[in-house]
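Novice: Below is the structure I would like to discuss, written out as structure tokens.
Derivation of every value follows stated rules applied to the coordinates shown; laboratory data play no part. Keep in mind that what you see is a predicted model, and the values were worked out from it rather than measured. Please note: Cβ atoms are built from the backbone with ideal geometry, for glycine as well, and neighbour counts cover all protein chains shown.
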Amino acid sequence: MSELASLNKYLIRYKWLILLGIVCVVLSNLFAIYIPVFVRLGIDDALWISQNISLIENNLLYEAALQTVLGFGLSILAAALLKGVFLFLMRQTLIVTSRNIEYDQKNEIFQKYERLGEEFYRNHYTGDLMSRISEDVSNVRMYIGPSIMYFANILFSFVMIVTQMLMINASLTAWVLLPLPFLSYSIYVVSKKINVGNKRIQEQLSQITTKAQETFAGIRIIKSFGAERHFNHDFFESGKVFQSKNLALAKINAIFFPLMTLLMGLSTILVLYIGGWEVKAGRFTPGNVAEFIIYLNMLIWPVASLGWTTALVQKASASQKRINEFLDEAEQPDNGLSPFPDFHQITLKLPRYQYLDKDFPALQEVEVQFKKGQFIGVVGKTGSGKSTLIQLLTRQLEMQGGTFEVDDKSISEYALSAFRSKIAYVQQDTFLFSDTLRENILFGSEMDSSEEEVQKAIRFASLDNDIAQFPKGLDTIIGERGVSLSGGQKQRMSLARALMRDADIYIFDDCLSAVDAETESVIIERLKTALKGKTIIMSSHRIAPVLKADEIWVLEEGRIAAKGNHEMLVETNEYYSWLFENQSLES
Ligand SMILES: Nc1ncnc2c1ncn2[C@@H]1O[C@H](COP(=O)(O)OP(=O)(O)OP(=O)(O)O)[C@@H](O)[C@H]1O
Ligand SMILES: [Mg+2]
């Protein structure tokens, strides 16, 4: 239950609606209680008429008795109607509240997801993230809605019904309630089993969601390797485990209801048996017996829903625990307040950077510096640490020691969002949204950018010819992650997207690798014109794109092997000139 305490803030937010709902619960129970009373009065009255049939000659008395029976009938109808109205209002308030809270909670989790950093996403699966924001939130909603509603209902109806029964006949009530402790105990035992079963099911479901998500994301690879059967089999197996876990739980549930009905049936027999003797002894009317049986039936649902509610609460608690795990994750620190300045120079000194799951550092003794308006190239073989360095520069990765300074002030003094707003970044593995080309390009900018600006970005990224060939031009939808584009087109799309941004620093991480050499040199030339006066950082495993950089940082196995411009490096650095020679030979 303690996990569910984190929901209290929502309950407090909607306290008046919940309170109103509880008032409706009380009122609907109040009217329900009257129904058996009217039934008893009606039956006893009708019996009196049948026993005093001789009075038929006395028409007036007979009419009066009939009128009262009819009156009781109408009263039953009225009470049932009123009970129904308040039942409706109870659902309208409490269930609506649970939907509101579900909405709030999903937003809370979604916003948290967005604040979590690179580290978190590296260690968690998308399927798991999805299942926590969907299935787990639904489970929690069942606690807030139905559980609270039924629990309030159980509480009030139980107290009211039992009070009523005690007033009529205390000893019979005691007899009738005798099976209830057994019922409660069996509910307790069963609920515990349900809890364990539910936890297993939830975990299995998360696993299945992850599997399905990965399969669909990688469907092209799966098909090209002809691995459908393997994945089918895998999914089938997970599904089978899920099914058997669900069936195990269903078995427990299946025993539950018959058991309850049996115990309630026993109580009914007791009422008939003892009630019969009481009637014979004159301490009880036949109407009382009927009344008692109705009360007993009214108790069945609350007692039944107690078991169900307990299971719901336990399920919700397990789900909330999973939600809390993510809500409690440390966010990427962002304590800076100042807006990002018009900087002169940025310096990064990094003794080492090591990924958590690796036993050697990805970067070591890196010290780099760039000035506003410079064109910086980062070259190095694959795995040399270029992307890591760039992700540190864009603050996607947090520094592990060392300093990151903007004109002698630590970067942490500036708000992360302010810093990011000054950066346009093209990542190595492109990501496009399943939308139109236009929307994907506009994504980088203020949405009110003009058509002219879009066309300019397209030209600078050398996309104009490609787009002219699409049937609907810029309004062509590109499919999930841009499936309908070639690798090079995708890269140039993300380039255009970055160019739409009015940033100070443009960072390109190996983003021309799928573009042919000729197009590449055209793009570089255009970029230099388009981004005149802006800072450019471009990484590449080839030297060609950064030949004309003001400064080139040469990375070798996580260390800066050399710094300088191309001419200088060719002269002085053995590794660089070796790289250059090799690549020139290749081309
Ligand atoms: N998310 C990660 N988790 C763990 N290790 C990583 C991660 N990303 C990179 N590495 C490791 O860090 C080292 C440097 O990788 P990085 O991606 O920075 O190289 P790169 O120079 O960009 O290579 P490429 O030219 O292939 O893009 C490699 O040994 C790599 O295995
Ligand atoms: Mg890389």
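Novice: Can you give me the distance in nm between label points at Arg13 and Arg420, each placed 7 Å from the Cα along the Cα-to-Cβ direction?
Specialist: Result for the modelled spin labels: 2.2 nm.
Novice: Assuming 0.36 nm per residue, please report the length gained on full extension of the stretch Leu180 to Gln428 beyond their Cα-Cα distance. Kindly include the intermediate steps, with their values, before the conclusion.
Specialist: Working: separation 248, 0.36 × 248 = 89.28 nm, distance 6.61 nm.
Going from the current span to full extension adds 82.7 nm.
Novice: Over the range 435-507, what is the mean sequence separation of C-alpha contacts under 8 Å (at least six apart), divided by residue count, expressed as relative contact order in percent? Spell out each step's value before the answer.
Specialist: Values: 69 pairs, mean separation 37.7, N = 73.
The normalised contact order for the range 435-507 reaches 52 percent.
Novice: May I ask you to derive the FRET efficiency for Gln455 and Lys349 from their Cβ-Cβ distance with R0 = 60 Å, giving the value to the nearest 0.05?
Specialist: Here the calculated transfer efficiency is 0.90.
Novice: On to the next question. Charges only on Cβ, +1 for Lys and Arg, -1 for Asp and Glu: so what's the dipole of the range 1-88 about the Cα centre, in debye to the nearest 20? Intermediate values should be presented prior to the final figure.
Specialist: Working: 5 positive and 5 negative charges, 152 e Å.
Approximately 720 debye in magnitude.
Novice: Over the chain, calculate the relative contact order: mean separation of alpha carbon pairs under 8 Å at least 6 apart, over the residue count, as a percent. Intermediate results must be reported in sequence, preceding the final value.
Specialist: Working: 783 pairs, mean separation 85.7, N = 587.
With pairs under 8 Å counted, the relative contact order is 15 percent.
Novice: Magnitude of the Cβ-charge dipole of the range 345-586, K/R +1 and D/E -1, about the Cα centre, nearest 20 debye?
Specialist: Working: 28 positive and 38 negative charges, 53 e Å.
The dipole of the range 345-586 has a size of about 260 debye.
Novice: When only C-alpha pairs under 8 Å and at least 6 residues apart count, what is the relative contact order of the range 345-586, in percent? Numbers along the way, then the final one.
Specialist: On the way: 429 pairs, mean separation 68.5, N = 242.
That works out to 28 percent.
Novice: Can you list, largest first and rounded to whole Å, the semi-axes you get for the chain by taking the square root of 5 times each eigenvalue of its Cα gyration tensor? Don't jump to the answer; show the numbers that get you there.
Specialist: On the way: eigenvalues 1137, 118, 100 Å².
Ellipsoid half-lengths, sorted descending, are 75, 24, 22 Å.
Novice: Report the one residue of Phe419, Tyr143, Thr126 whose Cα lies farthest in the direction of the positive end of the charge dipole of the chain (charges on C-beta: Lys and Arg +1, Asp and Glu -1; origin at the Cα centre).
Specialist: Looking along the dipole axis, the top candidate is Tyr143.
Novice: Give me the extension gain from Val189 to Leu66: residue separation times 0.36 nm, minus the current Cα-Cα distance, reported in nm with one decimal. Let's see the in-between values first.
Specialist: Details: separation 123, 0.36 × 123 = 44.28 nm, distance 5.14 nm.
Extending this stretch completely gives an extra 39.1 nm.
Novice: Put +1 on the Cβ of every Lys and Arg and -1 on every Asp and Glu Cβ in the chain; which of Phe231, Asn440, Asn195 then has its Cα farthest towards the positive end of the dipole?
Specialist: Asn195
Novice: Show log10 I(q)/I(0) for the range 345-586 at q = 0.12 Å⁻¹, two decimals, from a solvent-free Debye sum over equal Cα scatterers.
Specialist: Scattering profile of the range 345-586, log10 relative to I(0): -0.70.
Novice: Sticking with this one: Ratio of alpha-carbon Rg to the 2.2 N^0.38 Å globular estimate for the range 281-356, to two decimals, please. Walk me through the numbers on the way to the answer.
Specialist: Working: Rg = 32.5 Å, N = 76, 2.2 N^0.38 = 11.4 Å.
That ratio works out to 2.85.
Novice: Modelling each spin label as a point 7 Å along the Cα-to-Cβ direction, I'd like the Arg200/Ala517 distance in nm, to one decimal.
Specialist: If labels sit at Arg200 and Ala517, their model points lie 6.3 nm apart.
Novice: Report, in degrees rounded to the nearest 10, the 0 to 90 angle that the Cα long axis of helix 574-586 makes with the longest principal axis of the chain.
Specialist: 90
Novice: What FRET efficiency comes out for Ala78 versus Lys106 if R0 is 56 angstrom and r is the Cβ-Cβ distance? Round to the nearest 0.05.
Specialist: On the way: r = 42 Å, r/R0 = 0.75.
With a Förster radius of 56 Å, E is 0.85.
Novice: Rounded to the nearest 20 Debye, what is the dipole magnitude of the range 310-399 about its Cα centre when Lys and Arg each give +1 and Asp and Glu each give -1 at the C-beta? Don't skip to the answer; put the middle values down first.
Specialist: Values: 11 positive and 11 negative charges, 57 e Å.
It comes to approximately 280 debye.
Novice: List, largest first, the extents of the alpha carbons of the range 540-587 along their principal axes, each in whole Å.
Specialist: Largest first, the range 540-587 extends 26, 23, 20 Å along its Cα principal axes.
Novice: Report the full-extension gain for the segment Glu329 to Thr476: residue separation times 0.36 nm, less the Cα-Cα distance, to one decimal in nm.
Specialist: Details: separation 147, 0.36 × 147 = 52.92 nm, distance 3.95 nm.
Full-extension gain reported as 49.0 nm.
Novice: Can you put Val189, Val379 in order, fewest other beta carbons within 10 Å first? Numbers along the way, then the final one.
Specialist: Working: Val189 11, Val379 30.
With the fewest neighbours first, Val189, Val379 line up as Val189, Val379.
Novice: Moving on to the next point. Report the one residue of Gly307, Ala290, Gln320 whose Cα lies farthest in the direction of the positive end of the charge dipole of the range 289-334 (charges on C-beta: Lys and Arg +1, Asp and Glu -1; origin at the Cα centre).
Specialist: The listed residue farthest towards the positive side: Ala290.
Novice: Let me ask another. Within a Cβ distance under 15 Å of Val69, other residues only, what is the Lys/Arg minus Asp/Glu net charge? Let's see the in-between values first.
Specialist: Details: positive: Arg40; negative: Asp44, Asp45, Glu63.
So the surrounding residues net to -2.
Novice: Report the normalised scattering of the range 361-468 as log10 I(q)/I(0) at q = 0.10 Å⁻¹, calculated by the Debye formula with identical scatterers on the alpha carbons.
Specialist: Results for the range 361-468 at q = 0.10 Å⁻¹ read -0.42.
Novice: Using amide H atoms built in the peptide plane, which far-off residues or other-chain residues are under 5 Å from Ala562 H to H?
Specialist: The answer is Val554.
Novice: Give me the net charge of Trp48's neighbourhood, meaning all other residues with Cβ under 15 Å from the Cβ of Trp48; Lys, Arg count +1, Asp, Glu -1. Intermediate results must be reported in sequence, preceding the final value.
Specialist: Numbers: positive: Arg40; negative: Asp44, Asp45, Glu63.
Taking every Cβ under 15 Å from that of Trp48, the sum is -2.
Novice: Also, I was wondering about something else. What is the angle, in °, between the Cα long axis of helix 487-499 and the longest principal axis of the Cα atoms in the chain? Nearest 10 is fine, range 0 to 90.
Specialist: Roughly 90 degrees between the two axes.
Novice: Under 15 Å from the Cβ of Tyr185, count the other residues' Cβ atoms, weight Lys and Arg +1, Asp and Glu -1, and hand me the total. Numbers along the way, then the final one.
Specialist: On the way: positive: Lys192, Lys193; negative: none.
Here the count lands on +2.
Novice: Give the calculated FRET efficiency between Arg91 and Asn297 to the nearest 0.05, with a Förster radius of 25 Å applied to their Cβ-Cβ distance. Don't jump to the answer; show the numbers that get you there.
Specialist: Values: r = 21 Å, r/R0 = 0.85.
Approximately 0.70, to the nearest 0.05.
Novice: What distance in nm lies between label points placed 7 Å from Cα along the C-beta direction at Asp435 and Tyr273?
Specialist: That separation, rounded to one decimal, is 7.3 nm.
Novice: Okay, moving on. Compute the long axis of helix 179-217 from its Cα atoms, compare it with the longest principal axis of the Cα atoms of the chain, and write down the angle in degrees, 0 to 90, nearest 10.
Specialist: In the chain, helix 179-217 runs at an angle near 20 degrees to the longest axis.
Novice: Ile252 label point, 7 Å along Cα→Cβ, cut-off 19 Å on backbone N: hits in the range 295-318?
Specialist: Under cut-off, by backbone N: 304-318.
Novice: Can you pick out the pairs among Lys349/Lys409; Lys490/Lys528; Lys192/Lys245; Lys106/Lys358 whose Cα atoms lie more than 23 Å from each other?
Specialist: On the way: Lys349/Lys409 13 Å; Lys490/Lys528 21 Å; Lys192/Lys245 15 Å; Lys106/Lys358 34 Å.
Table pairs above 23 Å Cα-Cα are Lys106/Lys358.
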